[in-house]
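The values are calculated or read from the model by the stated rules, or taken from the named source; none is laboratory data. Given the structure is predicted, the values throughout are model-derived calculations rather than measurements. Counting neighbours? That spans all protein chains shown, and the Cβs are built from the backbone with ideal geometry, glycine included. The accessibility values were calculated without ligands, DNA or RNA, using every heavy atom of the protein model including side chains. Shrake-Rupley method; radii C 1.70, N 1.55, O 1.52, S 1.80 Å.
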Amino acid sequence: MEKPLKVLIVEDSEDDTLLVIRELKLGDYTPTFQRVDTAAAMQTALRNQEWDVIVADYNLPSFSALEALRLLKDSGLDLPFIIVSGSITDETAVAAMKAGAHDYIMKDNLKRLVSAIERELHEAEVRRERKHLQRRVVEYEELNTLKSTLLSTVSHELRTPLTTIKGYSTMLLDYDRRLKRNEKQEYLSAIDRATDRMTELVDHLLDMSRLEAGLLKLDKTPTNITALLQTTIAEARLRTPGHKIVLNLPKAVLKLNSDGRRIRQVVDNLINNATKYSKVGSIVTVEAKSQDSELVISVADQGKGIPRENVEKIFDRMFNLEHRLAQDPGGLGLGLALCKALVEAHGGRIWVESELGKGSVFHLALPREAMTEGEAYVEKE
Amino acid sequence: MLKRSSKTTVLIIEDEDDIRTFASRVLELEGYRVLQAVDGDEGLRLARQGGIGLVLLDLRLPKRDGWAVLRQMKGDPELSSIPVVVFTASAGALQRSWALAAGAADYLVKPLSAASLKKSIPHILRQKRRH
């Protein structure tokens, strides 16, 4: 029965290396090995190859087992580390074990090596298993927290438009004759807006769960991005007349093979955020251009900006949920996480540049992937 | 029934325009005087101006949130006697007991009908008068 074993040997002597190998073969192992005798060689070996076990001489001319142990620790790998040495004092043995060595074997008692390796391989396996389980538990706990945070956020976010609907409709019923006609109209449109808000919320939730289940399919067709942005901005201007929304487009019509509905959803979301987080009267600039092999769309606001430490996290679902309840503007906080997922589903990237007090610029870059023959583009509209 | 001659003033602290309008209008129709604040700071400022008979308080507010407003009011001898009715979308039992422990007179969960809102107020005012 062959037992392959990948051994990294930290040793300056060829002869001693061969003794170790011979011992392993006697123990029915089929070792493949590499001998290193400097820190640099060991780092390279750890980085470039997988190992089952490290066997190290205690003292080398330009390296030592203790340094080797430190390198192993720094690499983050958890490998059995066994020291083989000619001479040993109690102090050095204790120092080595404290530093993390798993066993200490005398060169004149090498037959102990195989049993030590077998035991340590098993121990390492147990440690790996335990670590794996611990990771799973942490993941599970995170998921659980996410779920309950999501539930309470959703419940809170649904209750707000529901309050408008319940409140205004019961008011219209109870006080019908005491309300003026234009007042009634106002309440009815508020109810209408509240149902839109709830629909959006439900759509977001569905998209998110479809994404998670891997069920969100893109419907890619040749899309006129120029026209798409013009329509999106025209509607955004109607929605938020308080902001000045500027659209900068190149002369040539921008086209892309994409799911236009989804691209629109992303741009819409970014514009909504831009207006939500900046003062009424400030400017929101939407830009699009062809850049190398990508089509880049940017949405810039003059809002309060995002703190540096949050710039990376802002697209993270968990982060947004946790910070949502503490912040003022409404919404589920899934918007940016959803944008990211949708852009990535297109093979693209999304990122933000932001300066506190000056504003944020969100960019999304979509690859202008090779068009198939059938979708030959006409560059003029 | 409340005497219309001595109108109670209700201060509504709520950041959502629609919900604030709803509560204000119902209470006006029921004969109360209504003051409105859109955040915690403004709410406290109006409360300190005096003459407030009851506060209807949202918990999730910009600037100073409803919890802070509640604590400030209950810790301030000038304001602590004003009943504060919490009006929130947080339906948790724990939050409810925290709010009541912090001195809230009642805890109303959104959504709420016009009739339920109108019924909850005289009840609290009667309680206050007894004390």
Checklist entry - How far is helix A:14-26 tilted, in degrees, relative to the longest principal axis of the Cα atoms in chain A, given as a value from 0 to 90 rounded to the nearest 10? => result 80
Next on the checklist: Solvent-accessible area of residue A:285, probe 1.4 Å, all protein chains present, reported in Å² to the nearest ten, please.
Outcome noted: 40
Checklist entry - Out of B:100, B:6, B:35, whose Cα points farthest toward the positive end of the dipole of chain B (charges: +1 Lys, Arg; -1 Asp, Glu; placed on Cβ)? => result B:6
Checklist entry - Mind listing the phi-derived Karplus ³J(HN,Hα) values for segment B:19-27, rounded to whole Hz, using 6.51, -1.76 and 1.60 with θ = phi - 60°, and x for any glycine or proline? => result 5, 5, 4, 4, 5, 4, 5, 4, 5
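Below 30 Å Cα-Cα, how many Lys pairs turn up in segment A:125-199? Only count pairs eight or more apart in sequence, or on different chains, if you could. Each step should come with its number before you reach the end.
On the way: A:131/A:147; A:147/A:166; A:166/A:180; A:166/A:184.
Counting lysine pairs in segment A:125-199 gives 4.
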Next on the checklist: Quick check: at a probe of 1.4 Å, how many percent of the accessible area of segment A:135-241 sits on carbon and sulfur atoms?
Outcome noted: 56
Checklist outcome for this item: In order over segment A:85-99: 3J(HN,Hα) from phi, Karplus 6.51/-1.76/1.60, θ = phi - 60°, whole Hz, x for each Gly or Pro, gives 8, x, 10, 8, 10, 4, 4, 5, 4, 4, 4, 5, 5, 5, 6
Item to check | For chain A, built as a Gaussian network whose Cα springs stay under 10 Å, the top-fluctuating residue of A:345, A:96, A:236 | outcome: A:96
Checklist entry - Which residues of segment A:159-174 end up with at least 20 Å² less accessible area in the presence of all protein chains than when their chain stands alone, using a 1.4 Å probe? => result A:159, A:160, A:163, A:164, A:166, A:167, A:168, A:170, A:171, A:174
Checklist entry - Within 10 Å of each Cβ of B:54-63, how many other protein chain Cβ atoms are there on average? => result 2
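How much accessible area per residue does segment B:80-131 have, in Å², with a 1.4 Å probe? Each step should come with its number before you reach the end.
On the way: 2530 Å² over 52 residues.
I get 49 Å² per residue for segment B:80-131.
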Checklist outcome for this item: Once the dipole of the protein assembly as shown is set up from charges on Cβ (+1 Lys and Arg, -1 Asp and Glu), the residue from the list A:283, A:341, A:270 lying farthest towards its positive end is A:283
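Do the sum for chain B: with -39,500 (n - 2.57) for every DSSP H run of n ≥ 4, divided by all residues, what is the mean residue ellipticity at 222 nm, to the nearest 500 deg cm²/dmol?
Numbers: 5 runs with 58 residues, N = 131.
Result for chain B, helices only: -13500 deg cm²/dmol.
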Next on the checklist: Averaged across B:105-112, how many Cβ atoms of other chains sit within 10 Å of each residue's Cβ atom?
Outcome noted: 4
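Ignoring ligands, DNA and RNA, what accessible area per residue does segment A:132-216 give at 1.4 Å, in Å²? Before the final figure, lay out the partial values.
Values: 5520 Å² over 85 residues.
Each residue of segment A:132-216 exposes 65 Å² on average to a 1.4 Å probe.
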Checklist outcome for this item: Expressed in nanometres to one decimal, the distance between label points 7 Å along Cα→Cβ at residue A:112 and residue A:93 is 0.6
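How high is the relative contact order of segment A:1-77, given as a whole-number percent (alpha carbon pairs under 8 Å, six or more residues apart)?
Details: 101 pairs, mean separation 29.4, N = 77.
Across segment A:1-77, relative contact order equals 38 percent.
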Checklist entry - Rounded to the nearest 0.05, what FRET efficiency do residue A:238 and residue A:185 have when you use their Cβ-Cβ distance and R0 = 22 Å? => result 0.75
Item to check | FRET efficiency for residue A:127 and residue B:68, using Cβ-Cβ distance with R0 set to 45 Å, rounded to 0.05 | outcome: 0.40
Checklist outcome for this item: If every Lys and Arg gets +1 and every Asp and Glu gets -1 at its Cβ, then about the Cα centre segment B:58-131 yields a dipole, in debye to the nearest 20, of 220
Next on the checklist: Helix A:39-48 against the longest principal axis of chain A: what's the angle in degrees, Cα atoms only, rounded to the nearest 10?
Outcome noted: 50
Checklist entry - Using a 1.4 Å probe on protein heavy atoms only, how many Å² of accessible area do B and A hide from each other, summed over both chains and rounded to 100? => result 2100
Item to check | Exposure of residue B:98 as accessible area (Å², to 10), given a probe of 1.4 Å and all protein chains | outcome: 140
Item to check | Debye, to nearest 20: dipole size of segment A:210-312, +1 on Lys, Arg Cβ, -1 on Asp, Glu Cβ | outcome: 340
Checklist entry - Got the relative contact order for chain A handy, in percent, Cα pairs under 8 Å and 6 or more residues apart? => result 11
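Of A:132, A:122, which has the most accessible area with a 1.4 Å probe, and how do the rest follow in descending order?
Numbers: A:132 80, A:122 115 Å².
Putting A:132, A:122 in descending order of accessible area: A:122, A:132.
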Checklist entry - Using a cut-off of 16 Å between alpha-carbon atoms, which lysines can reach residue A:6, once sequence neighbours fewer than 8 places away in the same chain are excluded? => result A:25
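How big is the dipole moment of segment A:1-147 about its Cα centre under a simple scheme where the beta carbon of each Lys and Arg is +1, that of each Asp and Glu is -1, and everything else is neutral? Debye, nearest 20, please.
Details: 20 positive and 27 negative charges, 105 e Å.
The calculation lands at about 500 debye.
Can you give the calculated 222 nm mean residue ellipticity of chain A, where each DSSP H run of n ≥ 4 adds -39,500 (n - 2.57) and the sum is split over every residue, rounded to the nearest 500 deg cm²/dmol? Please report the intermediate quantities before stating the final value.
Working: 10 runs with 189 residues, N = 381.
Helix contribution divided over all residues of chain A: -17000 deg cm²/dmol.
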Checklist entry - Can you give me the relative contact order of segment B:86-126 as a percent, contacts being Cα pairs under 8 Å and 6 or more apart? => result 44
Next on the checklist: Let me cross-check residue A:37: its accessible surface, 1.4 Å probe, with only protein heavy atoms counted, in Å² to the nearest 10?
Outcome noted: 50
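Where in segment A:2-111 are there GluC sites (Glu not before Pro) that are in a DSSP coil and have at most 10 other Cβ atoms within 10 angstrom of their Cβ? Mind showing how you got there, number by number?
Values: sites: A:2, A:11, A:14, A:23, A:50, A:67, A:91; in loops: A:2, A:11, A:50.
The qualifying sites are A:2, A:50.
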